[in-house]
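S.K.: Before we start, here is the structure in question, set down as structure tokens.
The values are calculated or read from the model by the stated rules, or taken from the named source; none is laboratory data. Only a predicted model underlies this, so the values are computations on that prediction, with no experimental measurement involved. We place every Cβ from the backbone using ideal geometry, glycine too, and count neighbours over all the protein chains shown. Heads up: the accessible areas ignore ligands, DNA and RNA and are worked out on the full protein's heavy atoms, side chains in. Shrake-Rupley method; radii C 1.70, N 1.55, O 1.52, S 1.80 Å.
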Amino acid sequence: MSGKLYVCATPIGNLKDITLRCLETLKEVDLIASEDTRHTIKLLNHYEIKVPLESYHEHNKDTKGKKLINLLLEGKNIALVSDAGMPGICDPGEDLIKLCYENNIEITVLPGATASITALILSGIKTRSYCFEGFLPYNKKAKKEVIQRLKDDTRTYIIYEAPHHLLQTLKELYEQIGNRNISIVKELTKKHENVFKTSLLEALKYFEENTPKGEYVLVLEGANENEVLNKEKEEINNISIKEHLEQYLSAGMDIKEAMKKVAKDRGISKRDVYNEIKI
């Protein structure tokens, strides 16, 4: 009978931010797969946990992934942990979870600390609708495409960034989407936890004079809803009803639904749309 993979959230700063269930599980499993064993051993020593560690990270995930799957198939129970927070988010845990499903291995998640949600709540920016983007692509073209999607998105965006990329990312955000409110969060749950509530322009000026240190979570305000709505109305007014309809048809919508959408967008009746396109 196969073993079970326990995906365990570990503290993102304060070592007390770990659940009792997670501690019990880490003590009871046969093996702990860790993104950085040097980091994880500090947590294990703090709680006097003596379970063997196995490294599992981005550079060895192909070979170690197969090894861990074989151990699970042999009946071993394994806990998966990342450097901090929830495995599977911006780390190779995602790949191991996929392998488990492919091999019909049981998985469960032990919830706990997550930097993205902690920063979002702490930011003071709207939480009703948000998007987690993680680390932006390093490729310039891909990065630009992602940022362009943010331009007219009214949701709050959560972005991870390394210190050596922070200034360039702030610059690209400001140049491509304009000035927005942003909360720049670091040292979450630690003694020197800091929330820098500012604007993209002011943040850019600040970090041009102050060298970024440590990992950051950027919580970026979404586009203004009224401005986006007015922009959409302006774009609609600049195209004909036929062109408007064609946009929806090209997106795969059937003719009846497309006509309904066009009528709603333009504040007219479906009969008006029908008469205009003369179907």
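S.K.: So ALA79 ticks every box in (1) out of contact with any Phe, Trp or Tyr (no Cβ under 8 Å at 6 or more places or on another chain); (2) under 24 Å from SER2 (Cβ atoms); (3) not polar (S, T, N, Q) but one. Which box is left unticked?
M.R.: (1)
S.K.: So GLU161 passes all but one of these: (1) among the acidic types (Asp, Glu); (2) free of Cβ contacts under 8 Å to residues at least 60 places away in the same chain; (3) open to solvent by 70 Å² or more (accessible area, probe 1.4 Å). Which condition number does it fail?
M.R.: (3)
S.K.: A further question follows. Please work out which residue is surrounded by the fewest Cβ atoms within 10 Å (Cβ to Cβ), limiting yourself to segment 97-133 and to residues that are farther than 25 Å from VAL81 by Cα and of a type in the set (Lys, Arg).
M.R.: ARG128
S.K.: Here's a follow-up. Out of ALA203, ALA223, ALA162, report the one residue that is under 30 Å from LYS16 (Cβ atoms) and either touching a His at 6+ places or on another chain (Cβ under 6 Å) or not hydroxyl-bearing (Ser, Thr, Tyr) (or both).
M.R.: Being under 30 Å from LYS16 (Cβ atoms) and either touching a His at 6+ places or on another chain (Cβ under 6 Å) or not hydroxyl-bearing (Ser, Thr, Tyr) (or both) holds for just one of ALA203, ALA223, ALA162, which is ALA162.
S.K.: Restricting to segment 26-44, give me the number of residues that are of a type outside the set (A, V, I, L, M, F, W, C) and crowded, with 19+ Cβ neighbours inside 10 Å.
M.R.: Of the residues in segment 26-44, 3 are of a type outside the set (A, V, I, L, M, F, W, C) and crowded, with 19+ Cβ neighbours inside 10 Å.
S.K.: If you take the residues in segment 224-279 that are surrounded by fewer than 10 Cβ atoms within 10 Å (Cβ to Cβ) and aliphatic (A, V, I, L, M), which one is modelled with the highest pLDDT?
M.R.: Top of the filtered list is ALA251.
Listed here are the residues, each with its yes/no results for (1) in contact with a Gly (Cβ under 6 Å, 6 or more places away or on another chain); (2) open to solvent by 10 Å² or more (accessible area, probe 1.4 Å); (3) farther than 25 Å from THR10 by Cβ.
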{"residue": "PHE135", "(1), (2), (3)": "no, yes, no"}
{"residue": "LYS141", "(1), (2), (3)": "no, yes, yes"}
{"residue": "ARG149", "(1), (2), (3)": "no, yes, yes"}
{"residue": "THR154", "(1), (2), (3)": "yes, yes, yes"}
{"residue": "HIS165", "(1), (2), (3)": "no, yes, no"}
{"residue": "LYS171", "(1), (2), (3)": "no, yes, yes"}
{"residue": "ASN181", "(1), (2), (3)": "no, yes, yes"}
{"residue": "LEU204", "(1), (2), (3)": "no, yes, yes"}
{"residue": "GLY214", "(1), (2), (3)": "no, yes, no"}
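S.K.: Which of the following residues is without any contact (Cβ under 8 Å) to a residue 12 or more places away in the chain, exposed (fewer than 13 other Cβ atoms within 10 Å of the Cβ) and among the acidic types (Asp, Glu): GLU48, GLU74?
M.R.: Step by step, each of GLU48, GLU74 is checked, and only GLU48 is without any contact (Cβ under 8 Å) to a residue 12 or more places away in the chain, exposed (fewer than 13 other Cβ atoms within 10 Å of the Cβ) and among the acidic types (Asp, Glu).
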